[in-house]
Amino acid sequence: MIARLYGADYFTKADRSASSSCIGYPDYFNNNNRAMLRRTAERQYDIVRRYLNAQNSRCLEIGCASGEFSALLTEKGADVLGIDLSQRAVQEAKSRYPDLSFRQADITAVEEQGFDAVFAFEVIEHVTSPSGFLRAAVQRLKSGGFLVLTTPNYACGKSLGVDRWVGFAISFEHLYFFAPETLSACGASAGLNCIDWLTDSGNGIAPLDGKVAPLAPAVSSLTILLLRLHLLNAARRFKKIVVPVPPTYRVHGEGHNLLMFFRKKDQ
């Protein structure tokens, strides 16, 4: 059963060098990552707001994880339901945002309909039936509602080659890969019009032999110094706070991550 992949340890892999290292995340819920998750949600929302006014909208987030994007939508005035297959993720989301609505479920268990927007970031590559998933999303959208997806961009993988793309090197729980034209066609079959797509600035190149490239000498020396002074973690946290994050997505391209906007066809 596919849900077994997303058990208690999916988001908290202690050792990614183990045989299961290519599935899940190492310490996703660590408090040190919260600022990064928030910035990711903000970058996604900066794109979303071009099409959707969150104020007074009803939104469903599928695969909500620890709830940062759902929380941001709520701050912008939306009424949000966040769902995730992982009980551990839902517990974390409820702990972080106790006033929000989170539920352990997949989309087929959501009885509510008439959503203005459905969001599914890094989800469709995990499901057993992408076409069924898209149809289920359409059923829960109001006429003219939006579906926003992100997923690894197979066009990037084809460009780099199977031996170089990170999409083929990790995350072995991914069951499908999509290029923009493929996902657009799948959406059309489910009753959706693709209105735009973007890719991020990531090059998608897998680390050689699973190892991170060596640091430049100056960076390496500074890292060693901070480590000896027991200041490395503090410096990293400070960097996350003060260093501005450049825009992530650009229209089209062959970046590693694909973001697609769909609109439900009028009935």
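Just to be sure before I move on: is Ser159 at pLDDT below 85, open to solvent by 20 Å² or more (accessible area, probe 1.4 Å) and either over 17 Å from Phe119 (Cβ atoms) or in contact with a Cys (Cβ under 8 Å, 6 or more places away or on another chain) (or both) in the structure I sent? No. With the structure loaded, tell me whether Val148 is among the aliphatic types (A, V, I, L, M), within 24 Å of Gly204 (Cβ to Cβ) and part of a strand (DSSP E or B) or whether it fails that test. Against the criterion (among the aliphatic types (A, V, I, L, M), within 24 Å of Gly204 (Cβ to Cβ) and part of a strand (DSSP E or B)), Val148 qualifies.
Residues that are under 15 Å from the mean Cα position of the chain (by Cα) and touching a residue at least 40 places away in the same chain (Cβ under 8 Å) number at least 2 in the following strands (runs of 3 or more DSSP E) confined to region 73-143: 115-121.
Has region 48-56 got at least one residue that is assigned to a helix (DSSP H, G or I) and under 16 Å from the mean Cα position of the chain (by Cα)? Looking through region 48-56, at least one residue is assigned to a helix (DSSP H, G or I) and under 16 Å from the mean Cα position of the chain (by Cα). Pull up region 70-84, narrow it to residues that are touching a helix residue (DSSP H, G or I) at 6+ places or on another chain (Cβ under 6 Å) and open to solvent by less than 10 Å² (accessible area, probe 1.4 Å), then point me to the one that is nearest to Val123 (Cα to Cα). Ranking the qualifying residues of region 70-84, first place goes to Gly82. If you check Asp99 against the conditions, is it over 24 Å from Leu198 (Cβ atoms), open to solvent by 20 Å² or more (accessible area, probe 1.4 Å) and at pLDDT 95 or above? When the stated conditions are applied, Asp99 passes them. The single residue among Val245, Val219, Val212 that is at pLDDT below 65 and in a helix (DSSP H, G or I) turns out to be Val219.
The values are calculated or read from the model by the stated rules, or taken from the named source; none is laboratory data. These numbers were taken from a predicted model, which means no experiment stands behind them. Cβ sites come from the backbone with ideal geometry, for glycine too, and all protein chains shown count toward neighbours. In case anyone asks, the SASA skips ligands and DNA or RNA and just uses the protein heavy atoms, side chains included. Shrake-Rupley method; radii C 1.70, N 1.55, O 1.52, S 1.80 Å.
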